[in-house]
Amino acid sequence: MQPHEIETLTDAVQYNCDVSDARHGADFSLCVYLMKMREYYRWQRKLPYGAPLAKDDVGDWLAAREELWEGLEDAELKPLSIHGRDYDPFDAAAINASLADEGLVYSSGLGNRAKPHFFLGRLARRVRRGGYTVFVAAGEYARDLAAPPAMTLGNSIFLRRESLRRMLWEKFESWRWNRPDNALGRAFTCYDFDGDLEGALDAMTDREIDNALLHEQGEYEAGRLLGDAAWNAMVADLVGTPAELAARAVRDHLADALVTLPKLAERADAPALHFYVGNLNNMRKHLFPGLTAAYDAWRMGEGTWPLAQLAAVARSHWLALGHDMLARHRAADEDTDDLADALRELAESRQLYGVE
């Protein structure tokens, strides 16, 4: 592709990112929204991490961005034109096949609340493993406000190094305001963030991109065990409800029990273990209190065997719960709200406290 063709493609992907943000910008709490907008500004302006941000400049940019989104709330997504052919923006497999020799990688999918995510970036490497292909992206040319560092789509796993690095920076910046003694803080103190910010971010990104791959490998296996089509249909019926968060947490726990937890226990990698537990969202901690208990046992010097033992139990537990949720969804004759309540209650009735 010629430079002007890449620029045209970038503009089209960014347009779809803007449409998605226009529809879903209100999904975040005000605090999270403002933090993400600050970092989005930093990304667009190509500013280094830690560089002071001019308050007036950020304010003017924020106002302009929100005005842009207001004009796109009812807009339709654009097809992407590559080599004279138009592609549906969600047909990532066909788009990547067309970009195979261009040094580019593209991804599209649905995240929390069915928010579409799109990105176009520079392809760092592509690796075929078993039944799936791993695409690792370096610099990103187009992205939306929420930029997931990793995503599994069918038989493809996408890892976004720049998004992961930026996510780590955001979490570090939030943590250092008060520096609480928690799992996330223990992970950060394993690196020299105060003395060498860029070096620390690089080192942490190198480690955590490997761990992100472990989770996505688990996602791929979880999809094979649960059935991606049935699971995605269920989640689509739960969008915007607490049951959506519960369903996503159940699948995440299954994915990690299949791959991530056994590997972390085997490696006994302290920074990775701290970050793994520190990065758990509230729903995941709520459904799996035994995980933080095993982490605390490891911290008290019991070794990683509690995590390894728990992973073995968790595999069967979360798989059984996932199948039960799917069965309830298939048999449902109640309306959407009743179904969502029933599935949330089912998940919460099956919290995993530990190894009995």
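Over the range 167-304, what relative contact order in percent results from Cα pairs under 8 Å that are six or more residues apart?
On the way: 99 pairs, mean separation 43.1, N = 138.
Taking the mean separation of contacting Cα pairs over the length of the range 167-304, I get 31 percent.
Sort all Cα-Cα distances of the range 153-206 into consecutive 10 angstrom bins from zero, then give the percent of pairs in each bin up to the one containing the longest distance.
Percent of pairs per bin, in order: 23, 50, 19, 8, 0.
How many percent of DSSP beta bridges within the chain run antiparallel, rounded to 5?
Working: 23 of 28 bridges.
The answer is about 80 percent antiparallel.
At q = 0.12, 0.13, 0.14 Å⁻¹, work out log10 I(q)/I(0) for the chain with the Debye formula, treating every Cα as an identical point scatterer and leaving solvent out; two decimals please.
Log-scaled intensity ratios, in q order: -0.98, -1.16, -1.34.
Using a Förster distance of 41 Å, how high is the FRET efficiency between ARG224 and ALA75, based on the Cβ-Cβ distance and rounded to 0.05? It would help to have the intermediate numbers written out before the result.
Values: r = 36 Å, r/R0 = 0.89.
The calculated FRET efficiency here is 0.65.
Rank-order 190-197, 311-318, 247-254 by packing density, defined as the average count of other C-beta atoms within 10 Å over each peptide's residues, highest first. Walk me through the numbers on the way to the answer.
On the way: 190-197: 14.5, 311-318: 19.2, 247-254: 23.9.
Those peptides, ordered most packed to least, come out 247-254, 311-318, 190-197.
Counting only residues 5 or more places away or on other chains, whose amide H sits under 5 Å from the amide H of TYR141 once H atoms are built in the peptide plane?
Under 5 Å from the amide H of TYR141: LEU120, GLY121, ARG122.
The range 264-325 to the range 93-167: how many Å between their Cα centroids?
The range 264-325 and the range 93-167 have Cα centres spaced 27 Å from each other.
If you take the Cα atoms of the range 148-274, find Rg, then find the Kirkwood Rh from the mean of 1/r over all pairs, what is Rg/Rh? Can you show the working numbers first?
Numbers: Rg = 16.2 Å, Rh = 16.0 Å.
Computed over Cα atoms, the ratio is 1.01.
Based only on Cα atoms, what mean projected area does the convex hull of the range 3-161 have, in nm²? Walk me through the numbers before you get to the answer.
Details: hull surface 40.3 nm².
Taking the Cα atoms of the range 3-161, their convex hull projects to 10.1 nm² on average.
Counting Lys +1, Arg +1, Asp -1, Glu -1, what net charge surrounds ALA124 among other residues with beta carbon under 13 Å of its beta carbon? Could the numbers behind the result be given before it?
Numbers: positive: ARG122, ARG125, ARG126, ARG160, ARG161, ARG165; negative: GLU140, GLU162, ASP206.
My count for the surroundings of ALA124 gives +3.
What does the charge dipole of the range 12-57 about its Cα centre add up to, to the nearest 20 debye, if the Cβ of each Lys and Arg holds +1 and the Cβ of each Asp and Glu holds -1?
Values: 7 positive and 6 negative charges, 31 e Å.
Here the size comes out at about 160 debye.
Remind me, relative contact order of the chain in percent, using alpha carbon pairs under 8 angstrom and six or more residues apart?
Details: 466 pairs, mean separation 46.3, N = 356.
For the chain, the relative contact order is 13 percent.
Between ASP202 and LEU30, what FRET efficiency follows from the Cβ-Cβ distance if R0 is 51 Å, with the result rounded to 0.05? Mind showing how you got there, number by number?
Values: r = 32 Å, r/R0 = 0.62.
Taking R0 as 51 Å, the efficiency between ASP202 and LEU30 is 0.95.
Any number yet on Rg/Rh for the range 238-305, C-alpha, Kirkwood? Walk me through the numbers on the way to the answer.
Values: Rg = 12.9 Å, Rh = 12.7 Å.
Reported Rg/Rh (Cα atoms, Kirkwood Rh): 1.01.
What's log10 of I(q)/I(0) for the range 197-348 at q = 0.17, 0.18, 0.21 Å⁻¹, Debye sum over Cα points only, no solvent?
One equal scatterer on each Cα of the range 197-348 leads to -0.96, -1.04, -1.29.
If amide hydrogens are placed 1.01 Å from N in the peptide plane, which non-local residues have theirs closer than 5 Å to the one on ILE82?
Correct list: TYR87.
Where a number appears in this text, it was derived from the coordinates with a stated rule and is not lab data. Everything quoted here is computed from the prediction, not taken from an experiment. Ideal geometry is used to build each Cβ from the backbone, glycine not excepted, and the neighbour counts take in all protein chains shown.
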